[in-house]
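Only one structure is covered here, and it is reproduced in the block below.
The values are calculated or read from the model by the stated rules, or taken from the named source; none is laboratory data. Here the structure is a predicted model, which is why all the values come from computation and not from measurement. Note that each Cβ is placed from the backbone with ideal geometry, even for glycine, and that neighbours are counted across all protein chains shown.
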Amino acid sequence: MRIVSGQYKGITFSPPAKLPARPTTDRTKEAIFNILQSQMQLSGCKALDLFSGTGNMAYEMASHEAESITCVEKHPASAAFIKSTFERLGYKPYRVLRTDALKFIETNRDKYDLIFCDPPYDLKEMSSLPERIFRSDLISDEGILIIEHRNTFNFDSDTVFKTREYGQSRFTFFKKLQEK
């Protein structure tokens, strides 16, 4: 895997083979970050990577000069790999929390400008994820939430503003509803 754009563009990393993760492809990351750049200022944003896996999306956020990044990953080897990769990059404003992402959503009180969420495709709470995140007030008023999921699943929410499909995956983009 490699970082596809930004200040760390071209840096490669090889996660251990036995990590329980489904890394987003380079082509897909490039497309997602092109969409994000047209929607928000990535430089200086506070980012959250839920169900981080290999940390693949977090490294792209770092490469685009996010102010800070929090990664939530419960698997010990995955969390250790994410920490070591951030150290290798020399990117300091990061936190890797080894905890369950659903518990984090319920207990965390920080706000984020960009939240990327890549849960297991068979997560039984998949349909309630956006509502949980918005209800917990994790996302800033102008923030963006992206959830990666199986392309056969659709979210039924007024907060969806864009979807994109890449192979077996669909990326759904959400924004807070603005009060009038």
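Before moving on, here are some points about what is shown:
- For the stretch 17-31, filtering for residues that are touching a residue at least 60 places away in the same chain (Cβ under 8 Å) and touching a helix residue (DSSP H, G or I) at 6+ places or on another chain (Cβ under 8 Å) leaves 2.
- Check on Ile133, modelled with pLDDT of 95 or more, buried (at least 22 other Cβ atoms within 10 Å of the Cβ) and not in a helix (DSSP H, G or I): no
- Scope the stretch 50-64; condition in a helix (DSSP H, G or I) and within 11 Å of the chain's Cα centre (by Cα); matching residues: Asn56, Met57, Ala58, Tyr59, Glu60, Met61
- Meets criteria (surrounded by 14 or more Cβ atoms within 10 Å (Cβ to Cβ), of a type in the set (Gly, Ala, Ser) and under 16 Å from the mean Cα position of the chain (by Cα)) for Ser78: yes
- Of the criteria (1) modelled with pLDDT under 95; (2) of a type outside the set (Phe, Trp, Tyr); (3) more than 19 Å from Thr24 (Cα to Cα), which one Arg95 fails: (1)
- Hits in the stretch 37-49 (condition: in contact (Cβ under 8 Å) with a residue 40 or more places away in the chain and assigned to a helix (DSSP H, G or I)): Gln39
- The set of residues from the stretch 65-74 being buried (at least 17 other Cβ atoms within 10 Å of the Cβ) and either more than 14 Å from the chain's Cα centre (by Cα) or farther than 23 Å from Gly10 by Cα (or both) comprises Val72, Glu73, Lys74.
- Considering Ile139, Ile82, the condition of being of a type in the set (A, V, I, L, M), touching a Gly at 6+ places or on another chain (Cβ under 7 Å) and in contact (Cβ under 8 Å) with a residue 24 or more places away in the chain is satisfied by Ile82 alone.
- Candidates Thr85, Thr70, filtered to the one that is assigned to a helix (DSSP H, G or I), farther than 26 Å from Asn151 by Cβ and either touching a Pro at 6+ places or on another chain (Cβ under 9 Å) or modelled with pLDDT of 95 or more (or both): Thr85
- Test: residue in the stretch 165-172 that is part of a strand (DSSP E or B), buried (at least 17 other Cβ atoms within 10 Å of the Cβ) and under 13 Å from the mean Cα position of the chain (by Cα): yes
- Candidates Asp122, Asp158, Asp113, filtered to the one that is modelled with pLDDT of 95 or more and either in contact with a Ser or Thr (Cβ under 6 Å, 6 or more places away or on another chain) or assigned to a loop (DSSP other than H, G, I, E, B) (or both): Asp113
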